[in-house]
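The values are calculated or read from the model by the stated rules, or taken from the named source; none is laboratory data. These numbers come from a predicted model, not from an experiment. Methodologically, a virtual Cβ is constructed for each residue, glycine included, from the backbone with ideal geometry; neighbour enumeration extends over all protein chains shown.
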Amino acid sequence: MKAFTKLLLLFILAGLVSLGIVHDSGYVLIAYGDMSFETSLWMFFAIIVLAVIIYNIVKRLTITSLRSVGFLLPVTTSSRLKRAKRYSMKGLDLLINGEWEQAGKLLGKAADQGEAPLINYLTAAKAANEVGDSNTVIEYLRKADDQVPNGKIGIGITQAQIQLANGQWEQALATLEEIRRHKPRHQYVLKLLKQVYVKLHEWEQLNALLPDLRKRHVVDDEEYQTLQQQASICQLNKVIAKSLNSDENVSKRIELIEEAWAAVPRKQRKLPAVLAAYARGLIKAGALGYAEKELRKALDKNYDPELVELYGQAQGEDLKAQLAFMEELRDENAKSPEVALALGRLYLRDNQLDKAEQVLRDSLKLHKTESVYIELSKVFAKKGRVEESTQYLTEGLALVDQSRQLVALS
C-alpha cells in the first residue's frame, strides 16, 4: 500500500513538472567574472537532483569499501575496536571450552587493540598459565601493569592466583603481603593469605591475622575457633619439638614449653585438644608429675579420651592415688578403650601384671591399637613369656607401619 502511494505521488509530481515545462521552461543565468552558465529552469533542477544522487552513490561506495578493507586491516578507530571486540568474544568462548592457547592469543590481541585491556590481559595470563607458558604469563601481566596503572590490585591478585595454582606458596605469600600493604581490608586477599599461612604452617602469622578474618567476615565463628585451635596446637608443637632437639637441660626445656603455653589465649587453654598438645610436650620433656596434675584437673571437669590416654603415660607423686582415680573413671566409662589402656599402663607400672593383662585385653577387644599391643608385649616380657611378648610386639609394630603408610598416602 505504501509503495503504491509513493508511486502515485511520483506520477503526479512528474505530471506537474511536465505541465510546468510546457507552460513555461523558465531561464537560469549564472555568471562569475568572464564565465557564465545559462540553461532552462527545469534543466537546472534536473542537474541538482542528479548531483545529489551521484553524491549519495559515491558516499555509499566509499563507506562500503572502507568497511571491507577494515575487516582485513583496521584503518579506522571504529573498525579496530570492532575487530578487538570480536577477538575478545571469540577468546572468551575458547576459554570456556578449554582451548587455552588460542584463547590466550586472541584475548592478548584484543587487549593490545584497546578492548578492556585489564580484563583481557589478566584472562590471557591465566590461559597462558594453563598451558605452562610462564614467559607469556609474565609478559601479559607486565602489559596490564603498563597500560592500566590503577589496576595493581587486580594484577596482584591474578599473579597470586597463578602462583597458588602452580604451588609457588612462598612467592604467593610475598605477592599477597605486598597487596595487603596497600589494601589491608581486602576480603579476598585475606582469604588467600589464610590459605597460604595454613599451607606453610605459619601459625604465628595466622594467629595475628585471625581477628581481621573474623572482622571482615572471611570466616564464620566456627571456622575461626577451628583455625585458632589449630594454630595454638601447631605453635605449641613447634616449640616442644625445638626444645626437645636442643641441648638444654630438662628444667630449661620445661621453661620453654611453659612460655609457649602462656602465650596461648586463655579460652584456648581449656580446649581438650590444645591441653593434650601441652601435656604431651610435658611428658616428652620429662615433666611427668606436672603433666599428671594438669591432666587430673582437666579430667575432673570433663571426660576426654585423648586426655585419658595421656594420663596413663603421666606419673604423679602418688601412684596409688592415680590408680584409684582411674578405676573410678573406669566405673563411669566401662566401654572406653582409652580408660582401659591408661589403667593397664598404671597397673604395669605398679607391677600388678595380671590386672594389667586383663584390662589391656579388654582395651584390645574394644579397639585394636599399636599402643595396646606394645603394652601387652611389656606385660608378657615382665612375666617371662617371651614368645607371647614377641608376638604382641610384632603385631603392634605392624600396626605402626600401616598407620605410617596411610599417612603417607593421604
>> Which count do you get for residues in the stretch 179-191 that are surrounded by 15 or more Cβ atoms within 10 Å (Cβ to Cβ), in a helix (DSSP H, G or I) and over 15 Å from the mean Cα position of the chain (by Cα)?
In response: 2
> Any idea which of (1) modelled with pLDDT under 95; (2) closer than 22 Å to Ala298 by Cβ; (3) assigned to a helix (DSSP H, G or I) is the one Leu323 doesn't satisfy?
Replying inline: (1)
>> Considering only the stretch 114-133, I want to know if a residue exists there that is at pLDDT 90 or above, surrounded by fewer than 16 Cβ atoms within 10 Å (Cβ to Cβ) and closer than 26 Å to Gly167 by Cα.
In response: yes
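Condition check ((1) touching a helix residue (DSSP H, G or I) at 6+ places or on another chain (Cβ under 8 Å); (2) not in a loop (DSSP other than H, G, I, E, B)) across all residues:
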| position | (1), (2) |
| --- | --- |
| Glu222 | no, yes |
| Ile240 | yes, yes |
| Glu248 | yes, no |
| Ile257 | yes, yes |
| Ala260 | yes, yes |
| Lys267 | no, yes |
| Ala279 | yes, yes |
| Ala291 | yes, yes |
| Leu295 | yes, yes |
> Out of curiosity, is Thr158 assigned to a helix (DSSP H, G or I) and under 28 Å from Thr226 (Cβ atoms)?
Replying inline: no
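Collect the residues in the stretch 328-366 that are surrounded by 14 or more Cβ atoms within 10 Å (Cβ to Cβ), outside any helix (DSSP H, G or I) and touching a helix residue (DSSP H, G or I) at 6+ places or on another chain (Cβ under 7 Å), keeping them in residue-number order. Walk me through how you get there before you give the answer.
We begin by selecting, within the stretch 328-366, every residue surrounded by 14 or more Cβ atoms within 10 Å (Cβ to Cβ); these are 329-330, 333, 336-350, 352-353, 355-364, 366.
Pick out the ones that are also outside any helix (DSSP H, G or I) and you get 333, 336, 350, 352.
If the condition is that a residue be surrounded by 14 or more Cβ atoms within 10 Å (Cβ to Cβ), outside any helix (DSSP H, G or I) and touching a helix residue (DSSP H, G or I) at 6+ places or on another chain (Cβ under 7 Å), then Asn333, Ser336, Asp350 are the ones that fit.
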> Name the pairs: first residue in the stretch 248-259 and hydrophobic (A, V, I, L, M, F, W, C) and surrounded by fewer than 18 Cβ atoms within 10 Å (Cβ to Cβ), second residue assigned to a helix (DSSP H, G or I) and modelled with pLDDT of 85 or more, Cβ to Cβ under 7 Å, at least 6 apart or on different chains?
Replying inline: Val250/Ala285
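Please pick out the residue among Val386, Val379, Val372 that is β-branched (Val, Ile, Thr) and loosely packed, with under 15 Cβ neighbours inside 10 Å.
Matching residue, one of Val386, Val379, Val372: Val386.
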> Restricting to the stretch 215-249, what's the tally of residues that are under 21 Å from the mean Cα position of the chain (by Cα) and among the hydroxyl-bearing types (Ser, Thr, Tyr)?
Replying inline: 2
> Is there any pair linking a residue in the stretch 386-410 that is assigned by TED's automatic domain parsing to the domain that holds Glu375 to one that is at pLDDT 90 or above and β-branched (Val, Ile, Thr), with Cβ under 6 Å and at least six apart or on different chains, and which?
Replying inline: Gly396/Ile374
> How many of the residues making up the stretch 297-313 are in contact with a helix residue (DSSP H, G or I) (Cβ under 7 Å, 6 or more places away or on another chain) and either assigned by TED's automatic domain parsing to the domain that holds Ala342 or in a helix (DSSP H, G or I) (or both)?
Replying inline: 11
